[in-house]
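Participant: The structure follows.
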Protein chains: 4
Amino acid sequence: MVKQSRTGVWFVGVRGSVATTAMAGATAVRLGLAAPVGLVSELPDFAQLPLAGFGELVFGGHDIVATPLAKRVEQLTTSGVVPRDIAAAVLPEVTAVEAEIRDGVHVEDAVPQLQVVERLAADIAGFRERHGLDRVVVINVSSTEPPSAYRPEHDDLAALTKAMETDAYVLPPSSVYAYAAFEAGCAFVDFTPSTGARLPALDELAKSRGVPYAGSDGKTGETLMRSALAPMFTTRALRVLSWSGTNLLGGGDGATLADPAAAASKTASKQRGMAKMLGYSAGGEVHIDYVPDLGDWKTAWDHILFEGFLGVRMTMQFTWQGCDSALAAPLVLDLARFTSWAHEQGESGALTSLGFFFKDPVGTDEHRLLAQYDALREWAVR
Amino acid sequence: MVKQSRTGVWFVGVRGSVATTAMAGATAVRLGLAAPVGLVSELPDFAQLPLAGFGELVFGGHDIVATPLAKRVEQLTTSGVVPRDIAAAVLPEVTAVEAEIRDGVHVEDAVPQLQVVERLAADIAGFRERHGLDRVVVINVSSTEPPSAYRPEHDDLAALTKAMETDAYVLPPSSVYAYAAFEAGCAFVDFTPSTGARLPALDELAKSRGVPYAGSDGKTGETLMRSALAPMFTTRALRVLSWSGTNLLGGGDGATLADPAAAASKTASKQRGMAKMLGYSAGGEVHIDYVPDLGDWKTAWDHILFEGFLGVRMTMQFTWQGCDSALAAPLVLDLARFTSWAHEQGESGALTSLGFFFKDPVGTDEHRLLAQYDALREWAVR
Amino acid sequence: MVKQSRTGVWFVGVRGSVATTAMAGATAVRLGLAAPVGLVSELPDFAQLPLAGFGELVFGGHDIVATPLAKRVEQLTTSGVVPRDIAAAVLPEVTAVEAEIRDGVHVEDAVPQLQVVERLAADIAGFRERHGLDRVVVINVSSTEPPSAYRPEHDDLAALTKAMETDAYVLPPSSVYAYAAFEAGCAFVDFTPSTGARLPALDELAKSRGVPYAGSDGKTGETLMRSALAPMFTTRALRVLSWSGTNLLGGGDGATLADPAAAASKTASKQRGMAKMLGYSAGGEVHIDYVPDLGDWKTAWDHILFEGFLGVRMTMQFTWQGCDSALAAPLVLDLARFTSWAHEQGESGALTSLGFFFKDPVGTDEHRLLAQYDALREWAVR
Amino acid sequence: MVKQSRTGVWFVGVRGSVATTAMAGATAVRLGLAAPVGLVSELPDFAQLPLAGFGELVFGGHDIVATPLAKRVEQLTTSGVVPRDIAAAVLPEVTAVEAEIRDGVHVEDAVPQLQVVERLAADIAGFRERHGLDRVVVINVSSTEPPSAYRPEHDDLAALTKAMETDAYVLPPSSVYAYAAFEAGCAFVDFTPSTGARLPALDELAKSRGVPYAGSDGKTGETLMRSALAPMFTTRALRVLSWSGTNLLGGGDGATLADPAAAASKTASKQRGMAKMLGYSAGGEVHIDYVPDLGDWKTAWDHILFEGFLGVRMTMQFTWQGCDSALAAPLVLDLARFTSWAHEQGESGALTSLGFFFKDPVGTDEHRLLAQYDALREWAVR
């Protein structure tokens, strides 16, 4: 197998914490300043894959805010995500990405969406050409959107495209980015719970362009734990009576999810996956609270009441205290590498083998973490 | 396949909480008074196996204490393990087992061990004959022994047997029971961390008699959680820096393990399995405290400090609050059914496919819960 | 001082878990079957008070459901609140209370409230006379009401009484009971967060009749912990940034509080007390979830993010797992004894010295547990 | 009242984390770079006391290691204890203390202890004179000593002093420092569990010199929580059946306490205080584990099993995650200020009113946090 050549990673939300941590971290790993901890694609199971090296990743992206990358790195240093010495060493390379940042989608502009798509696609294509890249993976790491209303055009590519000629709002922004990625011949990954590529019309577009997509909603905390623990109950024939969860989030994600509409879509997705794993719907609610002072950190407390032999009731609780950007960033790099390779292999449409990374995996009902890992490994060695 | 006919289950420690709960529970399930919650062998994955039905299990056993089974049932009712209405319904069948209880091994008697073996084997064989049983599985659910000293005779069956002609202490009691089980042509399961069949000489005996054995140390709490969670860290490439645990145990097990020697063997076994799963030895200590007022209940608190991308340190904690007898009893019934079936299939020696049930699985280094479950399922459908 | 003679305890919600546990428990303590654990009034600090003995308490009450007390005792036994041997011993005395139970307030009846008051007051007075009681304390332990709307009549006794001549809904039911208690010359205690006596018009009535009242909302779990812990932060000058809480409740209280309106009044009251103790309003939300399978049990998890020297952020978490009826019942008995004594001493109006027992203490802003205890003790020795 | 003039603070262990954080923090507060969070002496309750201002504290000390203060500040910055901008601002003042550091007690030197005392006392007196200080408080913040053996000379000052003329080991090092402090006419505070001034002979010396002393063992984590929570159980008449604790410590303190002898003295002291607060000895063990990767942080998990009304068993758990230096440093400054004021007021011998700060308060059995706070406040306004 031939080692993959230079690969573009185009972030939607490139000035945010996750993208910046990913760029800083990729550089740090390449320079030997950080061990490949947290990088699934660096596990021995994937050593035989000709994935793009960390020195072969080229970064760029869209954003709608103007925070300089240097300032974001400083924030990440202050909040303990990026160690100071690493920040100093990688700063030149990270700030060099400034030249590859383009303006994103501003909903208030009221421009017909096909026009917006053309602009975005041209941005991505220009990036690919300037750097002579074989492939570009577009990854959405921007803030979570509120759930969007269904439109009949979402089910049909021709109708959708026609509507976008004049309509400025037929797609939510995340889907506009997905459309543009496909239009530019690029793979798309949605690391957020937003709609992204998950509309029949966009699936049609991806397949017609021969590009793959993956998603959605990176699994980095409470749901990761749940997908590791739920199978313990099922294989031991223990019956979960209620699985309750409270999530305390700081940072941008917390603020976004404090919006009840956004939270509703997230909690619904969490309980759906749980029911799939257990085979029945256990009781219990999920809360998402915004606690600004937590900054980049999040805390999840889950309480599981379960029944054992002869109806005896027992409980399990866990508390997960994680740093969101540090958990998400390596997965984003993994997804860029795996998705680019899938694209090179000629896969198109939904990449169901990447469900391991997601809370709401596209095209599959498998939510159990280790079954997902096995699927990923089998796909990789295929 | 022919459904298995009547199967004997001979408990070492038949008057204890685990055995009594297992007998009461088997009867309750057979009578339709309790759902098969906690019974792995009743999962759909094993539906095609011709396992012995709950009405086909016949119970008996050895013990060195005289607590009447009726009194033990009453204690289990008071402590909330066996519901009162179930206790009333199953009491006649459980107390009928009194007729099948024989005196166990009293170390203070100083009788040559071969003589003891003959007596025990005759007890088991008599039980099998009286009830016309096809097979008997001997299951050790007695108190944990302190670690026993190595003797060269443990490595060689001929030397061992010769020593036992005159020596009253060449084997620890659990191994005397294993010897007797094999001698009687029966399978042996060790649900405790005691030595049991895990000596080269006894392995030789099991193979020569064509009988299987399984063990050791039922996985019902902290270690169960650890074996579900450790693979989450490894598949996500997160590095565990320390995994600390405190176990609060009431009941007989707590009192036994309050003895530092017994605890030492248990904690050593726990950390060994962890190192196997992680691929390296993480720091962290394990404590076992005796808290008498917890009764049949146990609480485990674990704290995991781990490192993610760029060296960021995060933590996970869990608290497990379980009822020991209610967790152990269904597994004991599962083991009786699976082991009897293996015996019928002609398997002999260590049953490595039953590692799913044990903290310290014989004959295998696989400690990951779901990999163990897959192994069990594959073995069953073979 | 003369020992108090026989005292009546009239429960609103007499057939519920709290009242039944209180009656069973008082009998058990009197018979020497249970130690006075959980009874504040039995602490050495109050030994010199001539409180009514447990053999001098006579029970009766109102209710709107028909569950026989014997059945409630059986339920409490099954759920582990009342031990079986105690239940058997106290059953005759508890079921004898059936003769002293009268029908409560049915809102659907649309009877002018003054008429209802007269009926209720007559019930209470009849009870007092039949048993030749010196005093009766009416204690509300019925389900929590939704918050009720303000009416101008609530501020003035004359206007209120006039309205009640024709209006069937000017007062919420809990306040109708309070009116009736005062009308009958009895003290009133509200162990729930309902309105009860906490209206200016009813305060006026209590004072005019020379009877005291206490309330409201018994402090038995999360708030108890908060009132013990908040002063730790203030006296150490540590700044609480957020104090988040999740409450999982089974039983009747959980079902009632699953109603968002009822929960809203409870969580608002919790955060108010916290702000009083801290001296500022810390962030953090409080959730109340109904988890039916928890039965009489409740679990509270609180997460406190606080700031120390030089802005360093630290956290504290606690999990409280308590049995609601077992926590509430002894406090109800304490309140009966203390309130009756206050009545005998000639106190009338709000008993601010009993704030120790309540989440939302009437007539005082002191929420710190130990300051409340000191106030109680000083009042008692006065 | 006259405001206190310049006060010396002489640290034993001046190059350690606690002393360095205290010096950096005092400067930061003086410069207005940090709020007085964590400083008890800055609470409104003590506003009327003429305590030495943060600009009036002058620092110096003994140490036996050579780590430059600048390096220690850098370490504290890296580990998140001292924010980087504050570190930069206070560095000149902190490093200026280098000139006031003298060599400490090296046990391997085998010098008669009276000679050592003379050297140490001269160091302290010289510091006082160079800076024209009214008073100096000597504060031990060095590593915990192993428990030392009793010697009859410890009970009598004359005998002790005579022995020290020739004996190099009659006192443990912490007590040598205490002797030197008293000899130099200075107050002594022991923030560690070491022996320090707590010998009859040294109490005699302190009184004869008219100087006060305080101690011992700063209360900053698990014991702080325990002293806030234990009174909740006693005032509610709930019976604690077992109170178990596990402490995970990194940093120097963890390494020291990993020594079983040192840990033994610490855990014994913890359980003694608990028994005093409860009025009986509850079961439960305390573990102290060294987890190096925790650095300056410590985690305590406590599990309390308690009994309520009718014998119902319930549990409470807490997890405390604190930064040791950030918790200890402000208390050390509080102690310097309060002790200096006491000295000025003419107090000598054990300062029992400062028990609020200590796990093992000298001269009093009061361990309840809020009772200790009340005692402190009453002493201050006296």
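The values are calculated or read from the model by the stated rules, or taken from the named source; none is laboratory data. A quick note: this is a predicted structure, and the numbers were derived from the prediction, not measured. Here the Cβ positions follow ideal geometry from the backbone for every residue, glycine too, while neighbour counts run over all protein chains shown.
Participant: Would you say residue D:57 is within 21 Å of residue D:126 (Cα to Cα) and not small (Gly, Ala, Ser)? Steps first, answer last, please.
Facilitator: Working: within 21 Å of residue D:126 (Cα to Cα): yes; not small (Gly, Ala, Ser): yes.
It is true that residue D:57 is within 21 Å of residue D:126 (Cα to Cα) and not small (Gly, Ala, Ser).
Participant: Looking at segment A:134-141, can you tell me whether even one residue there is surrounded by 15 or more Cβ atoms within 10 Å (Cβ to Cβ), under 30 Å from residue C:312 (Cα atoms) and assigned by TED's automatic domain parsing to the domain that holds residue A:201?
Facilitator: Within segment A:134-141, one or more residues are surrounded by 15 or more Cβ atoms within 10 Å (Cβ to Cβ), under 30 Å from residue C:312 (Cα atoms) and assigned by TED's automatic domain parsing to the domain that holds residue A:201.
Participant: Now, a different point. Among the residues that make up segment C:80-97, is at least one of them hydroxyl-bearing (Ser, Thr, Tyr) and part of a helix (DSSP H, G or I)?
Facilitator: Let us first name the residues in segment C:80-97 that are hydroxyl-bearing (Ser, Thr, Tyr), namely C:95.
From what is left, the residues that are part of a helix (DSSP H, G or I) are C:95.
Yes, some residue in segment C:80-97 is hydroxyl-bearing (Ser, Thr, Tyr) and part of a helix (DSSP H, G or I).
Participant: Something else: All but one of (1) in contact with a Gly (Cβ under 6 Å, 6 or more places away or on another chain); (2) among the hydroxyl-bearing types (Ser, Thr, Tyr); (3) closer than 27 Å to residue A:249 by Cα hold for residue A:281; state the number of the condition that does not hold.
Facilitator: Going through (1) in contact with a Gly (Cβ under 6 Å, 6 or more places away or on another chain); (2) among the hydroxyl-bearing types (Ser, Thr, Tyr); (3) closer than 27 Å to residue A:249 by Cα one by one, residue A:281 breaks only (1).
Participant: I'm trying to understand the selection: among the residues of segment C:308-345, which are more than 30 Å from residue D:73 (Cα to Cα), aromatic (Phe, Trp, Tyr) and at the interface with chain D (Cβ under 9 Å from one of its Cβ atoms)?
Facilitator: Once the filter is applied, which keeps residues that are more than 30 Å from residue D:73 (Cα to Cα), aromatic (Phe, Trp, Tyr) and at the interface with chain D (Cβ under 9 Å from one of its Cβ atoms), segment C:308-345 yields C:318, C:320.
Participant: So for segment C:191-208 (the condition being in the same structural domain as residue C:100 (by TED's automatic domain parsing) and at positive phi), does at least one residue qualify?
Facilitator: Yes, the conditions are met somewhere in segment C:191-208.
Participant: Show me the helices (runs of 4 or more DSSP H) found entirely inside segment B:131-230 where at least 2 residues are out of contact with any helix residue (DSSP H, G or I) (no Cβ under 7 Å at 6 or more places or on another chain).
Facilitator: Filter on segment B:131-230 gives B:157-164, B:200-209.
Participant: Polar (S, T, N, Q), farther than 27 Å from residue C:295 by Cβ and in contact with a Ser or Thr (Cβ under 7 Å, 6 or more places away or on another chain) - does that describe any residue in segment C:126-149?
Facilitator: Within segment C:126-149, one or more residues are polar (S, T, N, Q), farther than 27 Å from residue C:295 by Cβ and in contact with a Ser or Thr (Cβ under 7 Å, 6 or more places away or on another chain).
Participant: Return the residues of segment B:33-47 that are assigned to a loop (DSSP other than H, G, I, E, B), more than 16 Å from residue A:312 (Cβ to Cβ) and either more than 7 Å from chain A (Cβ to nearest Cβ) or touching a residue at least 12 places away in the same chain (Cβ under 8 Å) (or both); say none if nothing qualifies.
Facilitator: B:47
Participant: Which residue, of B:213, B:179, is in contact with a Leu (Cβ under 9 Å, 6 or more places away or on another chain), at pLDDT 95 or above and within 19 Å of residue B:329 (Cα to Cα)?
Facilitator: B:213
Participant: For segment B:122-152, name all the residues that are over 14 Å from residue B:170 (Cα atoms), hydrophobic (A, V, I, L, M, F, W, C) and out of contact with any Phe, Trp or Tyr (no Cβ under 8 Å at 6 or more places or on another chain).
Facilitator: Selection gives B:122, B:125.
Participant: Could you tell me which residue of segment C:350-375 is farthest from the other protein chains (Cβ to nearest Cβ), considering only residues that are in contact (Cβ under 8 Å) with a residue 40 or more places away in the chain, within 22 Å of residue D:373 (Cα to Cα) and aliphatic (A, V, I, L, M)?
Facilitator: C:371
Participant: In addition: Just to be sure I understand the filter: pairs with C-beta atoms under 7 Å, separated by 6 or more residues or on different chains, first member in segment A:62-82 and over 30 Å from residue A:121 (Cβ atoms) and among the polar types (S, T, N, Q), second member surrounded by fewer than 22 Cβ atoms within 10 Å (Cβ to Cβ) and modelled with pLDDT of 95 or more. Which pairs pass?
Facilitator: Partner pairs satisfying both residue conditions: A:77/A:87.
Participant: So residue B:65 passes all but one of these: (1) surrounded by 14 or more Cβ atoms within 10 Å (Cβ to Cβ); (2) of a type outside the set (Lys, Arg); (3) within 28 Å of residue B:177 (Cβ to Cβ). Which condition number does it fail?
Facilitator: So residue B:65 meets the others, but not (1).
Participant: If you scan segment B:231-247, which residues turn out to be in a strand (DSSP E or B), within 14 Å of chain A (Cβ to nearest Cβ) and surrounded by fewer than 22 Cβ atoms within 10 Å (Cβ to Cβ)?
Facilitator: Across segment B:231-247, the qualifying residues are B:239, B:241.
Participant: Within segment C:103-133, which residues are touching a strand residue (DSSP E or B) at 6+ places or on another chain (Cβ under 8 Å), farther than 24 Å from residue C:54 by Cβ and surrounded by fewer than 19 Cβ atoms within 10 Å (Cβ to Cβ)?
Facilitator: C:103
Participant: Ok, one more. In the list B:305, B:278, which residue meets the criterion of being more than 11 Å from chain A (Cβ to nearest Cβ), more than 27 Å from residue B:82 (Cβ to Cβ) and touching a Ser or Thr at 6+ places or on another chain (Cβ under 7 Å)?
Facilitator: Within the list B:305, B:278, the selection yields B:278.
Participant: Moving to a separate point now. Conditions first: (1) surrounded by 22 or more Cβ atoms within 10 Å (Cβ to Cβ); (2) within 12 Å of another protein chain (Cβ to nearest Cβ); (3) of a type in the set (A, V, I, L, M, F, W, C). Residue A:11 passes all but one, so which condition is the exception?
Facilitator: (2)
Participant: Can you work out which of the residues in segment D:366-382 that are assigned to a loop (DSSP other than H, G, I, E, B) and out of contact with any Gly (no Cβ under 9 Å at 6 or more places or on another chain) is surrounded by the most Cβ atoms within 10 Å (Cβ to Cβ)? Before the answer, list the steps.
Facilitator: Step one: filter segment D:366-382 for residues assigned to a loop (DSSP other than H, G, I, E, B), giving D:366-368, D:382.
With out of contact with any Gly (no Cβ under 9 Å at 6 or more places or on another chain) added as a condition, the list becomes D:368, D:382.
Values: D:368: 23, D:382: 7.
So, considering only residues that are assigned to a loop (DSSP other than H, G, I, E, B) and out of contact with any Gly (no Cβ under 9 Å at 6 or more places or on another chain), the one surrounded by the most Cβ atoms within 10 Å (Cβ to Cβ) is D:368.
Participant: Further question: If you scan segment B:65-79, which residues turn out to be within 14 Å of chain C (Cβ to nearest Cβ) and assigned to a loop (DSSP other than H, G, I, E, B)?
Facilitator: B:79 - this is the single residue of segment B:65-79 that is within 14 Å of chain C (Cβ to nearest Cβ) and assigned to a loop (DSSP other than H, G, I, E, B).
Participant: State which residue is farthest from the other protein chains (Cβ to nearest Cβ) when the search covers only segment C:14-32 and only residues that are out of contact with any strand residue (DSSP E or B) (no Cβ under 7 Å at 6 or more places or on another chain) and outside any helix (DSSP H, G or I).
Facilitator: The qualifying residue farthest from the other protein chains (Cβ to nearest Cβ) is C:16.
Participant: Which residue is surrounded by the fewest Cβ atoms within 10 Å (Cβ to Cβ), if the candidates are limited to segment C:48-62 and must be in a loop (DSSP other than H, G, I, E, B) and under 23 Å from the mean Cα position of the chain (by Cα)?
Facilitator: It comes out as C:50.
Participant: While we're on this one: In segment D:68-88, what residues are crowded, with 16+ Cβ neighbours inside 10 Å, modelled with pLDDT of 95 or more and among the small types (Gly, Ala, Ser)?
Facilitator: D:87
Participant: Which one of these is of a type outside the set (A, V, I, L, M), without any contact (Cβ under 8 Å) to a residue 40 or more places away in the chain and assigned by TED's automatic domain parsing to the domain that holds residue C:14: C:100, C:108?
Facilitator: That would be C:108, the only listed residue that is of a type outside the set (A, V, I, L, M), without any contact (Cβ under 8 Å) to a residue 40 or more places away in the chain and assigned by TED's automatic domain parsing to the domain that holds residue C:14.
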